[in-house]
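**Student:** Have a look at this one before I ask anything.
The values are calculated or read from the model by the stated rules, or taken from the named source; none is laboratory data. Since the model is a prediction, treat every value here as computed from it, not as a measurement. We place every Cβ from the backbone using ideal geometry, glycine too, and count neighbours over all the protein chains shown. Calculation scope for accessible area: heavy atoms of the full protein, side chains included, ligands and nucleic acids excluded. Shrake-Rupley method; radii C 1.70, N 1.55, O 1.52, S 1.80 Å.
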Amino acid sequence: HHGRPLGSWSQIDVFPSAERFLTRYERRRDVDILLLDVEMGAMDGVELAKAVRKAGGTMQIVFVTGYSDYIAEGYDVESLNYLMKPVDAAKLFDVLDKAVARMRRDSRCLDLQCAEGLMRIPLADIRYLDVRRNYVTVHADRDYTVKRPLGEFEAELGDGFCQVGRAMIVNLRRIR
């Protein structure tokens with residue numbers, strides 16, 4: 001759950017169907033990791049993952065399946081991993097550790113000193129940065145403009161971002 005230190009998991013919820021999960025997800029979006037069975041009732045795990053991604057869900061998704069033919073479909077929804085049935089405990093914990101590491105990486109922020117004060121923008125929300133004269137605009141949930149050289153941002157953003165020409169840095173994870 002967001003806002004709490006990772007490692008102190010507050011709860012694990014189990015849902016009898018994809019539809020039941022979506023109903024709850026519309027009300028509360030405090031989900032960090034989603035373990036989905038591929039084979040479910042009316043709506044399968046891949047369909048559910050697509051619906052969650054369409055709704056803007058950024059949680060880590062892990063599929064559990066008895067069939068290896070589903071593996072290719074998981075890449076469309078940026079699933080973290082697959083667990084084959086029967087699920088091996090060591091593999092499960094390994095995948096969960098990977099999910100937590102990815103969540104930590106995704107929760108990093110860029111601090112910007114804007115006219116309206118200090119803004120913290122999650123790196124995962126940044127699409128790209130571009131420069132006009134001496135001003136850099138960070139394009140995220142909205143645009144943030146600051147007077148700062150573009151070069152200063154590169155170290156703060158780290159890998160996953162790439163400078164394109166002299167005037168732009170793009171978030172490689174936001175390219176489709």
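**Student:** So if I take the centroid of the Cα atoms in region 104-176 and the same for region 11-28, what is the distance between those two points in Å?
**Tutor:** 34 Å
**Student:** What is the percent carbon and sulfur in the accessible area of the chain, measuring with a 1.4 Å probe over the protein chains and ignoring ligands?
**Tutor:** Its accessible area is 51 percent carbon and sulfur atoms.
**Student:** Please work out how much length the chain gains when fully extended from ARG120 to ALA155, using 0.36 nm per residue of separation minus the C-alpha to C-alpha distance, in nm with one decimal.
**Tutor:** 11.0 nm
**Student:** Also, I was wondering about something else. Quick one: accessible area per residue over region 29-176, 1.4 Å probe, rounded to a whole number of Å²?
**Tutor:** Ligands and nucleic acids excluded, the figure is 60 Å² per residue.
**Student:** How far, in degrees from 0 to 90, does helix 18-27 lean away from the longest principal axis of the Cα atoms of the chain, to the nearest 10?
**Tutor:** With rounding to tens, the tilt is 40 degrees.
**Student:** Test of the criteria: in region 79-117, which trypsin sites (Lys or Arg not before Pro) are in a DSSP loop and have at most 14 other Cβ atoms within 10 angstrom of their Cβ?
**Tutor:** Hits after loop and neighbour filter: ARG108.
**Student:** Next up: Where in region 25-66 does the label zone of ALA90 land, with the point 7 angstrom along Cα→C-beta and an amide N cut-off under 20 Å?
**Tutor:** Within reach of a label on ALA90: 65.
**Student:** Next question, about the same structure. Can you work out the FRET efficiency for the pair ARG132 and LEU172, with r the C-beta to C-beta distance and R0 = 25 Å, to the nearest 0.05?
**Tutor:** In this case the efficiency is close to 0.65.
**Student:** In percent, how large is the relative contact order of region 114-163, given Cα pairs closer than 8 Å and 6 or more residues apart?
**Tutor:** About 26 percent, as a whole number.
**Student:** Using only DSSP helix segments of four residues or longer, with each worth -39500 (n - 2.57), what per-residue ellipticity at 222 nm results for the chain after dividing by its residue count and rounding to 500?
**Tutor:** -8000 deg cm²/dmol
**Student:** Report, in degrees rounded to the nearest 10, the 0 to 90 angle that the Cα long axis of helix 89-106 makes with the longest principal axis of the chain.
**Tutor:** Taking Cα atoms only, the helix is inclined about 20 degrees.
**Student:** Then there's this: So what is the relative contact order for the chain, in percent, with contacts set as C-alpha pairs under 8 Å and at least six apart?
**Tutor:** The value is 12 percent.
**Student:** Using a simple spin-label model with points 7 Å from Cα along the Cα→Cβ vector, what separation in nm is obtained for VAL164 and ALA42?
**Tutor:** Placing both labels 7 Å beyond Cα along the Cβ direction yields 4.2 nm.
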